[in-house]
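Undergrad: Below is one structure. I have some questions about it.
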Amino acid sequence: MSAIASNQGKTVLTTALLHHFRDSVRPFKIGPDFIDPQFHESICKTPSINLDRFMMNDEQLKWLFNHYSDKAISICEGVMGFYDGMDKGSSAYDLSKLLQIPTILLLDGSSSYITVSAVLKGLATYKEDNTIKGVVLNKLSSESHYELIKKQIESDFNEIEVLGWIKKGLNTLADTHLGLDLKDTNKIETIANEVLEHIDLTKLEQIASSFTPQTTPNYPFETLEKVEKKIAIVNDENFSFLYHDNAQFLQELFSDVVFVNATKDEQIPSDADVVYIPGGYVESEHNYANLKDSNNFKNSLIEHAKTKKVYAECAGLLYLGNRVDEKAMSGILDLDFTLHKRFQRMGYYYANKEHTKGHSFHYTNVIDPKEGTEILSKTKAGEGQIGSWEKGDVFGTYLHIMLRPNGELVKRRFL
């Protein structure tokens, strides 16, 4: 599922389709995004898998996609516009071409008709080896408006199906953000019904069924033997930026895995060998209020960190520090953070010491960086700012990574 840009309605259509196929669908998300996969899972109750060509190579991506394509239908939501991200090899075009996923484009048809076909012509011819197979027209005023555009597209293209249209100004979307209504199943069902009302789902399924899974490659990652150790993964509404495959990989690697809810003030088990704290939110007033009185969790983490390993990303890093402005954290790392109105990092980064690559998006930075562990840089050999810190076996970083392709880091920081 793709479009010409962000904010074109991809998430709305993806939501409707995930709800419709909820008993037989596996969602995927192109790119490093954490929010959309959570949204996907809340709709269809099946974890969504990130596909990112910057953080994995081609064989690894093929394996990952095939490994999780275990449902009757897979729906993959693109990032930004169809070709955006080609400079990093991580656009919807790149991924759909690599995996041979048929692409459905959602195009805005408001206040236009022939020009919509011209836009589609540009998208379809920019790269001749694209996988564009169908189009859905968004924000149309009437069926007659749809027929005008459909007639033009069918005249101009032989191999792209016009699958239907979505009416502009749907009442269910007029005054709310979808994310606020995830617990309202009746609302989601109403949204899905309205969005899909004029879309030919039979044709869409035919396009989806034309996909032939590629031969699954041999396991293209470093093979790590299962260890007789226990890992505690902190995962709740504050620390929710957890790639599903990271959790699965750790469950394959450790003999004992326990999930700890810091918001509910659960303690780190005293027999845990390592603690993994993913990213999320701790710096906002709302999220800090959820966590500031979790003293059992904090004290157990402090005790654990005295002699055992901790690996923390972004919000996890903040929690390891002394404070974020006036908000007290655990004080495990002697770092003070401040929150800015503008992001301090955004995008893909290389870590110079760990030789890993991932992404960062955060609005905080360290007031006095002191001696850090590594530089995060936009290029392999480029300059950058300190983005990771450590003390003994405690490691905190602003970089989000996928663990499976980073065996050396896992051995060093987790085992």
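Undergrad: Only one of these is more than 23 Å from Pro37 (Cα to Cα), of a type in the set (Gly, Ala, Ser) and crowded, with 23+ Cβ neighbours inside 10 Å: Gly331, Gly316, Gly321, Gly279. Name it.
TA: Matching residue, one of Gly331, Gly316, Gly321, Gly279: Gly321.
Undergrad: Continuing with this model, one more query. Considering only residues of region 75-104 that are under 28 Å from Ser141 (Cα atoms) and in contact with a Gly (Cβ under 7 Å, 6 or more places away or on another chain), which is modelled with the highest pLDDT?
TA: Filtering first and then ranking leaves Ile104.
Undergrad: On the basis of being touching a Pro at 6+ places or on another chain (Cβ under 8 Å) and either touching a residue at least 12 places away in the same chain (Cβ under 8 Å) or among the aromatic types (Phe, Trp, Tyr) (or both), does Glu283 make the cut?
TA: Against the criterion (touching a Pro at 6+ places or on another chain (Cβ under 8 Å) and either touching a residue at least 12 places away in the same chain (Cβ under 8 Å) or among the aromatic types (Phe, Trp, Tyr) (or both)), Glu283 does not qualify.
Undergrad: Looking for whichever is of a type in the set (Ser, Thr, Tyr) and modelled with pLDDT of 95 or more here; the options are Thr131, Thr185. Which one fits?
TA: Thr131
Undergrad: Please enumerate the residues belonging to region 95-114 that are in a helix (DSSP H, G or I) and open to solvent by 20 Å² or more (accessible area, probe 1.4 Å).
TA: If the condition is that a residue be in a helix (DSSP H, G or I) and open to solvent by 20 Å² or more (accessible area, probe 1.4 Å), then Lys97, Leu98, Ile114 are the ones that fit.
Undergrad: Return the total of residues in region 341-369 being open to solvent by 70 Å² or more (accessible area, probe 1.4 Å) and either more than 30 Å from Asn57 (Cβ to Cβ) or among the small types (Gly, Ala, Ser) (or both).
TA: Of the residues in region 341-369, 5 are open to solvent by 70 Å² or more (accessible area, probe 1.4 Å) and either more than 30 Å from Asn57 (Cβ to Cβ) or among the small types (Gly, Ala, Ser) (or both).
Undergrad: Please determine whether any residue of region 136-148 is in contact with a Lys or Arg (Cβ under 9 Å, 6 or more places away or on another chain) and of a type in the set (Val, Ile, Thr).
TA: no
Undergrad: Given the options Leu163, Leu140, Leu173, name the one that is surrounded by 13 or more Cβ atoms within 10 Å (Cβ to Cβ), modelled with pLDDT under 95 and out of contact with any Cys (no Cβ under 8 Å at 6 or more places or on another chain).
TA: Result of the check over Leu163, Leu140, Leu173: Leu173.
Listed here are the residues, each with its yes/no results for (1) polar (S, T, N, Q); (2) in contact with a Lys or Arg (Cβ under 8 Å, 6 or more places away or on another chain); (3) farther than 22 Å from His304 by Cβ; (4) at pLDDT 95 or above.
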| position | (1), (2), (3), (4) |
| --- | --- |
| Thr338 | yes, no, yes, yes |
| Glu374 | no, yes, yes, no |
| Ala381 | no, no, yes, no |
| Glu390 | no, no, no, yes |
| Val394 | no, yes, no, yes |
| Arg412 | no, no, no, yes |
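Undergrad: Considering region 7-31 alone, what residues qualify as being part of a loop (DSSP other than H, G, I, E, B) and either at pLDDT 95 or above or over 15 Å from the mean Cα position of the chain (by Cα) (or both)?
TA: Asn7, Gln8, Gly9, Phe21, Arg22, Asp23, Ser24
Undergrad: Quick check on this structure: which one of Ser24, Ser74, Ser69 is over 21 Å from Ile188 (Cβ atoms) and open to solvent by 30 Å² or more (accessible area, probe 1.4 Å)?
TA: Testing whether each residue is over 21 Å from Ile188 (Cβ atoms) and open to solvent by 30 Å² or more (accessible area, probe 1.4 Å) leaves just Ser69.
Undergrad: For region 249-271, state whether one or more residues are within 19 Å of Thr373 (Cα to Cα) and touching a residue at least 24 places away in the same chain (Cβ under 8 Å).
TA: no
Undergrad: Applying the selection to region 390-411, what residues are among the basic types (Lys, Arg) and either buried (at least 20 other Cβ atoms within 10 Å of the Cβ) or without any contact (Cβ under 8 Å) to a residue 40 or more places away in the chain (or both)?
TA: Arg404
Undergrad: Is there a residue being assigned to a loop (DSSP other than H, G, I, E, B), free of Cβ contacts under 8 Å to residues at least 24 places away in the same chain and within 17 Å of Gly279 (Cβ to Cβ) anywhere in region 369-387?
TA: No - not one qualifying residue is present in region 369-387.
Undergrad: Let me ask another. Every residue in region 42-66 that is open to solvent by 20 Å² or more (accessible area, probe 1.4 Å), part of a loop (DSSP other than H, G, I, E, B) and closer than 20 Å to His359 by Cα, please.
TA: Those that are open to solvent by 20 Å² or more (accessible area, probe 1.4 Å), part of a loop (DSSP other than H, G, I, E, B) and closer than 20 Å to His359 by Cα: Arg53, Asn57.
Undergrad: Write out, first by first residue and then by second, each pair whose Cβ atoms fall under 6 Å of each other, whose residues are 6+ apart or on separate chains, and whose first residue, in region 146-170, is more than 13 Å from Leu107 (Cβ to Cβ) while the second is open to solvent by 70 Å² or more (accessible area, probe 1.4 Å) and not in a strand (DSSP E or B).
TA: Hits for this filter: Leu148/Tyr113.
Undergrad: With the structure loaded, tell me whether Glu228 is open to solvent by 20 Å² or more (accessible area, probe 1.4 Å) and either in contact with a His (Cβ under 8 Å, 6 or more places away or on another chain) or touching a residue at least 40 places away in the same chain (Cβ under 8 Å) (or both) or whether it fails that test.
TA: Spelling it out, it is not the case that Glu228 is open to solvent by 20 Å² or more (accessible area, probe 1.4 Å) and either in contact with a His (Cβ under 8 Å, 6 or more places away or on another chain) or touching a residue at least 40 places away in the same chain (Cβ under 8 Å) (or both).
The values are calculated or read from the model by the stated rules, or taken from the named source; none is laboratory data. All values derive from a computational prediction rather than experimental measurement. So basically every Cβ, Gly included, is an ideal-geometry build from the backbone, and we count neighbours across all protein chains shown. Areas reflect the complete protein model, heavy atoms only, side chains present, ligands, DNA and RNA absent. Shrake-Rupley method; radii C 1.70, N 1.55, O 1.52, S 1.80 Å.
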